[in-house]
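Participant: Quick one: structure below, then a few questions.
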Amino acid sequence: MSSGRLEFLARATVAREQAAAIGATLAGMDPWRTLGYQAETLARGLESTHPDLTRYLAMRDGEPQGLVVVRHPWLRGAYIELFAVLPPAQGQGVGRAALEFIESHYRRRTANLWLLVSGFNTGARCFYAKQGFHPVGVIADLVVAGQDEVLMRKVIRPAAGLP
Ligand SMILES: CC(C)(COP(=O)(O)OP(=O)(O)OC[C@H]1O[C@@H](n2cnc3c(N)ncnc32)[C@H](O)[C@@H]1OP(=O)(O)O)[C@@H](O)C(=O)NCCC(=O)NCCS
């Protein structure tokens, strides 16, 4: 286990070499493996730029531990489009720290955090439930036929009402 401090770097894009490495890792692990994502597709997505997307790299001792991609604004909140702790760093509190970081950052700006988690990903669903997310709906056949995606929400600030 690494000992240095965990820090989060906000980036508009992920550099090509790092995107290729992370894409290859994600394509080999669930849920992306079961959903059939290709390493190149994941890497291209990380490299692309969009004004609504921010990539947060969780770093320790100069090494990436995980990655969170956030789309904001999205449905009166921010949508966590990708959330991954790399296998060697799992089970050490990195995921919890990443969600706490995202929540404290976006609480100043918006009211809800949203995400989709695959129905078969029982570990991640349990993890999100522990961090205060609630399922609000099941969407069948969204990514691939025969697999459900569960939409989860965490209210991080009371609704402000209409302007
Ligand atoms: C799911 C994931 C994000 C959790 O991150 P992590 O850094 O391993 O989790 P943490 O060490 O921060 O754990 C925080 C809490 O969640 C629980 N938890 C973490 N993974 C869990 C699992 N697979 N099953 C049940 N509980 C789990 C921990 O026991 C811990 O509970 P505690 O607060 O009672 O001690 C990470 O394992 C991961 O990236 N998995 C593969 C990719 C994935 O599924 N991403 C989500 C896609 S929507």
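The values are calculated or read from the model by the stated rules, or taken from the named source; none is laboratory data. From a predicted model like this one, the values you see are computed outputs, not experimental measurements. Please note: Cβ atoms are built from the backbone with ideal geometry, for glycine as well, and neighbour counts cover all protein chains shown. Please note that ligands, DNA and RNA were not included when accessible areas were found on the heavy atoms of the full protein model with its side chains. Shrake-Rupley method; radii C 1.70, N 1.55, O 1.52, S 1.80 Å.
Participant: State whether the residues of region 118-133 include one that is among the aliphatic types (A, V, I, L, M), open to solvent by 50 Å² or more (accessible area, probe 1.4 Å) and under 21 Å from Thr25 (Cα atoms). Give the derivation first.
Facilitator: As a first pass, look at region 118-133 and keep what is among the aliphatic types (A, V, I, L, M): 124, 129.
Remaining after also requiring open to solvent by 50 Å² or more (accessible area, probe 1.4 Å): 129.
Now drop any that are not under 21 Å from Thr25 (Cα atoms), which leaves none.
No.
Participant: Which of the following residues is within 14 Å of the chain's Cα centre (by Cα), closer than 25 Å to Ala24 by Cα, surrounded by 15 or more Cβ atoms within 10 Å (Cβ to Cβ) and at pLDDT 95 or above: Leu99, Leu151, Leu113?
Facilitator: Details: Leu151 fails: closer than 25 Å to Ala24 by Cα; Leu113 fails: closer than 25 Å to Ala24 by Cα.
Only one candidate qualifies: Leu99.
Participant: Could you tell me which residue of region 103-133 is farthest from the ligand (Cβ to nearest atom), considering only residues that are among the small types (Gly, Ala, Ser) and not in a strand (DSSP E or B)?
Facilitator: The residue in question is Ala111.
Participant: Are there any pairs, at least 6 apart or on different chains, whose C-beta atoms fall under 7 Å, with the first in region 32-43 and free of Cβ contacts under 8 Å to residues at least 60 places away in the same chain and more than 15 Å from Phe83 (Cα to Cα) and the second assigned to a helix (DSSP H, G or I) and open to solvent by 30 Å² or more (accessible area, probe 1.4 Å), and if so, which?
Facilitator: Ala39/Ala24
Participant: Here's a follow-up. Consider only pairs whose beta carbons are under 6 Å apart and that are at least six residues apart or on different chains; among these, list those whose first residue lies in region 104-127 and is under 10 Å from Met152 (Cβ atoms) and whose second residue is in a helix (DSSP H, G or I) and more than 7 Å from the ligand (Cβ to nearest atom).
Facilitator: Close Cβ pairs (under 6 Å, with a partner that is in a helix (DSSP H, G or I) and more than 7 Å from the ligand (Cβ to nearest atom)) amount to Val117/Arg125.
Participant: Still on this structure, I have one more. For residues in region 69-89 being surrounded by fewer than 16 Cβ atoms within 10 Å (Cβ to Cβ) and either of a type in the set (Lys, Arg) or over 20 Å from Ala43 (Cβ atoms) (or both), which is nearest to the ligand (Cβ to nearest atom)?
Facilitator: Leu75
Participant: Which of the residues spanning region 12-31 are under 16 Å from the mean Cα position of the chain (by Cα), surrounded by fewer than 16 Cβ atoms within 10 Å (Cβ to Cβ) and either more than 16 Å from the ligand (Cβ to nearest atom) or free of Cβ contacts under 8 Å to residues at least 60 places away in the same chain (or both)?
Facilitator: Correct list: Ala12, Thr13, Met29.
Participant: Take region 47-68 and flag every residue that is part of a strand (DSSP E or B) and open to solvent by 80 Å² or more (accessible area, probe 1.4 Å).
Facilitator: Of the residues in region 47-68, the ones part of a strand (DSSP E or B) are 53-60, 63-68.
Across region 47-68, the qualifying residue is only Glu63.
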